[in-house]
Amino acid sequence: MSPDNKDNHKTYIIIPGSKMGVVSPELLKTIAGVVEKHDIPQLKLTEAQRLALIGYAPEKIDNIWQDLGNSGSPQKKAGAHYIKACPGKAWCKYGIQDALALGDKLEKTLLEIPLSFNAKVKVGISGCPLNCCESFVRDLGIFGKKNGWTLVFGGNAARKPRIGDVIAEDMSAEQVLELAIKVLNYYSANTVNHERTARFMERTGLEKLRSALAK
């Protein structure tokens, strides 16, 4: 199933349910059935640990979503649509903290809080300082060490790369979740013109952000 350059104008869809790259046999069977039924030419694992179905006509979108078990295609605004996490201590010999458990808690917290962003927010959670999920170049990065979690903010790996700023270290899971929401709240309230977190931090500065968070 190689890509067809003539179909570049066609859309693609990200499979729902593959949270943090974790899939079940049932989900994989469903995906395989949908790909075969709709003759989808390309199934791609993305950098964000998700599955993309690529190269079908736009008018098939709703039918594909329904066959995946959804009522229709979701309309997503800019924001934190997914969380990338490594296996963590549950499955990796180098893991120090439970990245998957923290990612699940953060995702649920974000769904419960009505935060809006002018630009996309990429989240990477790593269970140890090796940072397999590249926490230092994510908008919001979290990684584990022996004494707890470290929170990084304002990273970017795109055209103008930026290493994120360490906001705080040695936190419990509850503390890092609380601080992450405070950071995102401040960013949401003060960002302008589709400004990603890297450019926001260049404009705002670490000390101003820390001062605001301390209030």
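Give me the number: length gained by fully extending VAL22 to GLU178, i.e. 0.36 nm times residue separation minus the C-alpha to C-alpha distance, one decimal in nm.
Working it through step by step, the gained length comes to 53.7 nm.
Highest first, please rank the peptides 33-41, 173-181, 134-142, 150-158 by the mean number of other Cβ atoms sitting within 10 Å of their residues.
Ranked from most to least packed, the peptides come out as 134-142, 150-158, 173-181, 33-41.
Return the FRET efficiency for the residue pair ILE61, HIS194: r is the Cβ-Cβ distance, R0 is 25 Å, and the value is rounded to the nearest 0.05.
Using R0 = 25 Å, I get an efficiency of 0.50.
Would you mind telling me the antiparallel percentage of the DSSP bridges in the chain, rounded to 5?
For the chain, the DSSP antiparallel bridge percentage is about 75.
Name the residues whose placed amide hydrogens come within less than 5 Å of the amide hydrogen of LYS122, ignoring near sequence neighbours (fewer than 5 apart) on the same chain.
For LYS122, whose amide H was placed from the backbone, the distant partners under 5 Å are ASP139, LEU140.
Take ARG210 and LYS120, extend 7 Å from each Cα along the Cα→Cβ direction, and tell me the distance between the two endpoints in nm.
That separation, rounded to one decimal, is 3.1 nm.
In whole angstrom, and with the biggest value first, how far do the Cα coordinates of the chain range along each principal axis?
Result, largest extent first: 54, 42, 31 Å.
Can you list residues whose amide H is under 5 Å from ILE96's amide H, if they're 5+ apart or on another chain and H is modeled 1.01 Å from N?
Those qualifying (amide H under 5 Å, at least 5 residues apart or on another chain) are LYS89, CYS128.
What nm value, rounded to one decimal, do you get for the distance between VAL166 and LYS145 when each label is placed 7 Å out toward the C-beta?
0.5 nm
Could you give me the ³J(HN,Hα) list for the stretch 127-137, computed from phi with Karplus coefficients 6.51, -1.76, 1.60 and θ = phi - 60°, whole Hz, x at Gly and Pro?
Those phi angles translate into x, 7, x, 5, 6, 4, 9, 6, 4, 6, 10 Hz.
Each value in this text was obtained by applying a stated rule to the coordinates, not by laboratory testing. Because the structure is predicted, anything quoted here is derived from the model rather than measured. Note that each Cβ is placed from the backbone with ideal geometry, even for glycine, and that neighbours are counted across all protein chains shown.
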